[in-house]
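Heads up, the thing below is written out as structure tokens.
The values are calculated or read from the model by the stated rules, or taken from the named source; none is laboratory data. Bear in mind the structure is a predicted one, so any value in this text is a computation, not a measurement. Reconstructed Cβ throughout: ideal geometry from the backbone, glycine too, with neighbour counts over all protein chains shown. These accessible areas exclude ligands, DNA and RNA; they are computed on the full protein's heavy atoms, side chains included. Shrake-Rupley method; radii C 1.70, N 1.55, O 1.52, S 1.80 Å.
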Amino acid sequence: MGDTGLRKRREDEKSIQSQEPKTTNLQKELGLISGICIIVGTIIGSGIFISPKSVLSNTEAVGPCLIIWAVCGVLAMLGALCFAELGTMITKSGGEYPYLMEAYGPIPAYLFSWVSLVVMKPSSFAIICLSFSEYVCTPFYVGCKPPVIVVKCLAAAAILFITTVNSLSVRLGSYVQNIFTAAKLVIVAIIIISGLVLLAQGNTKNFENSFEGAQLSVGAISLAFYNGLWAYDGTFGDRVLYPASWVVPLFVAFSTIGAANGSCFTAGRLIYVAGREGHMLKVLSYISVKRLTPAPAIIFHGIIATIYIIPGDINSLVNYFSFAAWLFYGLTILGLIVMRFTRKELERPIKVPIVIPVLVTFISVFLILAPIISKPAWEYLYCVLFILSGLIFYFLFVHYKFGWAQKISKPITMHLQMLMEVVPPEEDPE
């Protein structure tokens, strides 16, 4: 009897051990529903709720605002066609990185990776959390704007919460994503149905004299494009759902925190891969021994996003993000044109007319230069400096790998490894 019990206990222990991960590596814990929620959560971010506000403030009239929205849709479609050709011609993962590598070589490709991880992803994370903070604060400050310090502290707290959740557990992060994506779909349905009801009731006075008072300039149009996917007026609920106007800010807050969670989840993995490939500090590719998450990469992402919140607001960060994004979008589309002549041997299952990438490239140049010329701002200079700083990191740690640079980074890596209890990922057993 005793031997039987002991044997059963040993079998149970072996069963438990067999369920434990055999290697220290990122675990595949996302199911189909969680994967869909992450995609939906990152595509429908904060922009859908705050976009008309900034577009309208730059155009000063409903008519030009709607035209810019339509042009943004056409531009997005043309850009998608160009990326369809690039994606079927160069079947490598990594976003714009392999396209820039094939078209221009390693330096522009590395700079895209650098800017994506240090500028675009963290600034996007900061924008979403600031949007969340503003909507949460709105019901408590009726008739006035919430204090800036309150908004920024709450946004920083949101970044801390999301960073902590994703550092602790992949499964916990996926649960958070699923819940807030459901809330996002509810508020989108409310907005669409309420808008259709208002139109059916004949509320079309906003479309009367829709071009009256328009004050357009080159800079205003370009900034309207910048903000077209980011800002939305939170007073919608007061006009449609009164006296339950608090519903919209509440659900929009849920939506934005879900978008921020999805952004943090994906950006953390991108930074992890960049560290593994030697494009960032090696410690960023390490994995938590206890949690099996890319904790250093996620924490790094959260710290950079918090830094962006301190001096910036939503509009300045959108300009900062959009300037960097369109710079590399333009370079990528230009690379498509370049490879039409330099890489003629590549097979192109999808081939768009050359006029499309030429048009998108010209629009990209306009969106990059017009705000700087007409309304120069510090954020553009900061963005350029961040981009150029990537060259320093590239030559020190990637291209030449100077010995003294390695001597500086190794002790830093060792101390961070002990502090966060992280190790390099192991290879999966064959």
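Residues checked against (1) in a helix (DSSP H, G or I); (2) buried (at least 16 other Cβ atoms within 10 Å of the Cβ):
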site: W114; (1), (2): yes, yes
site: K145; (1), (2): no, no
site: L154; (1), (2): yes, yes
site: A182; (1), (2): yes, no
Out of K407, K401, which single residue is among the basic types (K, R), more than 23 Å from S113 (Cα to Cα) and either without any contact (Cβ under 8 Å) to a residue 60 or more places away in the chain or surrounded by 14 or more Cβ atoms within 10 Å (Cβ to Cβ) (or both)? K407
Which residue is farthest from F265 (Cα to Cα), if the candidates are limited to segment 161-184 and must be within 19 Å of the chain's Cα centre (by Cα) and of a type outside the set (S, T, N, Q)? K184
Residues of segment 373-421 being over 27 Å from the mean Cα position of the chain (by Cα) and in a loop (DSSP other than H, G, I, E, B), which ones? Y400, K401, F402, E421
Quickly run through segment 84-96 and pick out the residues that are within 20 Å of the chain's Cα centre (by Cα) and surrounded by 20 or more Cβ atoms within 10 Å (Cβ to Cβ). E96
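So in segment 369-398, with the set limited to residues that are touching a Gly at 6+ places or on another chain (Cβ under 8 Å) and under 20 Å from A274 (Cα atoms), which one is most open to solvent (accessible area, probe 1.4 Å)? Working first, answer last.
Residues of segment 369-398 that are touching a Gly at 6+ places or on another chain (Cβ under 8 Å), as a first pass: 370-371, 373-375, 379, 397-398.
Going one step further and asking which of them are under 20 Å from A274 (Cα atoms), we end up with 397-398.
On the way: F397: 51, V398: 34 Å².
Filtering first and then ranking leaves F397.
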List, please: which pairs have Cβ atoms under 8 Å, are six or more places apart or on different chains, and start with a residue in segment 260-288 that is over 20 Å from A158 (Cβ atoms) and end with one that is open to solvent by 30 Å² or more (accessible area, probe 1.4 Å) and assigned to a strand (DSSP E or B)? Y286/V423; I287/V423
Per the filter on segment 97-112, residues free of Cβ contacts under 8 Å to residues at least 40 places away in the same chain, open to solvent by 20 Å² or more (accessible area, probe 1.4 Å) and under 20 Å from the mean Cα position of the chain (by Cα) are Y97
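In contact (Cβ under 8 Å) with a residue 24 or more places away in the chain and open to solvent by less than 90 Å² (accessible area, probe 1.4 Å): does that describe F366? Steps first, please.
Details: in contact (Cβ under 8 Å) with a residue 24 or more places away in the chain: yes; open to solvent by less than 90 Å² (accessible area, probe 1.4 Å): yes.
Answer is yes for this residue.
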Scan of segment 64-79 for residues that are closer than 16 Å to T361 by Cα and either polar (S, T, N, Q) or open to solvent by 60 Å² or more (accessible area, probe 1.4 Å) (or both), ordered by number: V71, V74, A76, M77
